[in-house]
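These notes are about the structure you will find just below.
Read the figures in this text as sums done on the coordinates, not as results from a lab. Keep in mind it's a predicted model, so treat the numbers as computed, not measured. Positions of Cβ are generated from backbone atoms using ideal geometry, with glycine treated the same way; all protein chains shown enter the neighbour counts.
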Amino acid sequence: ITDKIAALPPGTSYFSLEFFPPKTAMGSSNLRARLDRMSRALRPLFVTVTWGAGGSTAEKSLELAELCQRELGLTTCLHLTCTNMSKELVDKALEDAKALGVRNILALRGDPPRSSEYGTETAVEAEEFEWAIDLVRYIRKMYGDYFCIGVAAYPEGHADESHPEGQSMEHDLPYLVEKMKAGADFIMTQLFFDVEAYDAFEKRLREHESGAFKTIPIIPGMMPIQSYQMIKRTTKLSHAKMPPSITERLDVVRGDDEMVKKIGVDILSEIITHIKDEPGPGPRGFHFYTLNLEKAVSFILERTDLIPASPPDPDSEYAIIDLPLQP
Ligand code: FAD
């Protein structure tokens, strides 16, 4: 991923799409068709595949990673959590990912049981990995530079049982610095709607005295608004604040699903346009929590001009133009 970002021409923006493994065979075949369509039409720089806490979706996540990486030829990043995961499960996931040609891991701690948004927890005793940093260190120790490693960060601070005093950047920052020092290559953020909070977060990282975040890709997480109820639930679960100006716009149309989606596209597009215009050390990237849905993300990408031009078709007449002219 970081090689691909570094190879982008100056001034280019990019985006990634996140998918979760469906539970049923029907869901998988629908997603397969959708992924094929979306990857051709939208051309993401990379895709990511979520991991059920405790390894609950291990097999299905790897199947989806295989589809993305091997069959569709997409640069794929496998999320991997480590809490409630035995060392054997972590080893197997990394070995399997490597065997599939996956070169990117989003190294996460995972949520404690019950509060997980990502799947049913399996009760596995594990002491090896307590924090995401343990996984970053482990991957670097076992695989050297084979994997490009991403880590999570929280523009509004991480709300966690480990620090009941509440969410704050002050609490997270030292650990985020440690994750960088342990060998993380890029940062992907929690979803947010408070763009001012994001600006302050990024500024703080870029200017941090450690210098750890000076040039590292920081990819903000974008959650398209699919419905009024869903976005209320998601922001509550992820502890992301909805600025009153956004809540008001959604409240006015709350009974009309189509209007909620339409206003949602406007809101996300405004956030992206704002961030795109902010100066940064490298290309601007955006990560979309797609929830395996296609429409809203496609509208937003189109509106914000994030879809890259299609590569020239080698069979088209344009290819001939590139040939040297005969004297
Ligand atoms: P950590 O970096 O370990 O941090 C967790 C908390 O502990 C933070 O509050 C931090 O400040 C604190 N902390 C860190 N180290 C220490 C220490 N040494 N001592 C004391 N406190 C410490 N979950 C899934 O289950 N599956 C997924 O696929 C998934 N994908 C995600 C993708 C993104 C982009 C994001 C942002 C989150 C994702 N999550 C996923 C959720 C994630 O697992 C949870 O938010 C989890 O609670 C924290 O993970 P982390 O990697 O940030 O943990």
At 27 angstrom or more along the helix axis (alpha-carbon based) and mean Kyte-Doolittle of -0.5 or higher, what helices does the chain contain? Whole DSSP H runs only.
257-277
Subtract the Cα-Cα distance of His239 and Val253 from 0.36 nm times their separation in residues, and report this length gain in nm to one decimal.
2.7 nm
Any aspartates and glutamates with Cα under 18 Å of the Lys262 Cα? List them, leaving off those in the same chain fewer than 8 positions away.
Glu248, Asp251, Glu270, Glu294, Glu302, Asp305
Using the per-residue mean of other Cβ atoms lying within 10 Å as a proxy for protection, in what order, highest first, do the peptides 31-43, 219-231 fall?
219-231, 31-43
Within the range 151-184, list the residues whose amide N lies under 12 Å from a label point set 7 Å along Cα→Cβ of Glu278.
155-156
Looking at this model, which pairs from Lys179/Lys203; Lys179/Lys276; Lys236/Lys261; Lys98/Lys141; Lys4/Lys87; Lys203/Lys295 are more than 23 angstrom apart at the alpha-carbon?
Lys179/Lys276; Lys4/Lys87; Lys203/Lys295
Estimated inter-spin distance, Lys295 and Asp266, nm [label 7 Å along Cα→Cβ]:
1.8
Build a GNM of the chain with springs between Cα atoms under 10 Å: which of Leu74, Leu291, Leu62 gets the top mean-square fluctuation?
Leu291
Can you bin every Cα-Cα distance in the range 149-279 into 5 Å intervals starting at zero and give me the percent of pairs per bin, rounded to whole numbers?
2, 10, 20, 21, 18, 13, 9, 5, 2, 0
Note the per residue figure in Å³ for the convex hull of the C-alpha positions in the range 1-69.
91
So what's the convex hull volume per residue for the Cα atoms of the chain, in Å³?
164
What is the extension gain from Arg34 to Glu95, computed as 0.36 nm multiplied by their sequence separation minus the C-alpha to C-alpha distance, in nm to one decimal?
19.2 nm
Gain in length, Ala200 to Asp145, computed as 0.36 nm per residue apart minus the alpha-carbon separation, to one decimal in nm?
16.7 nm
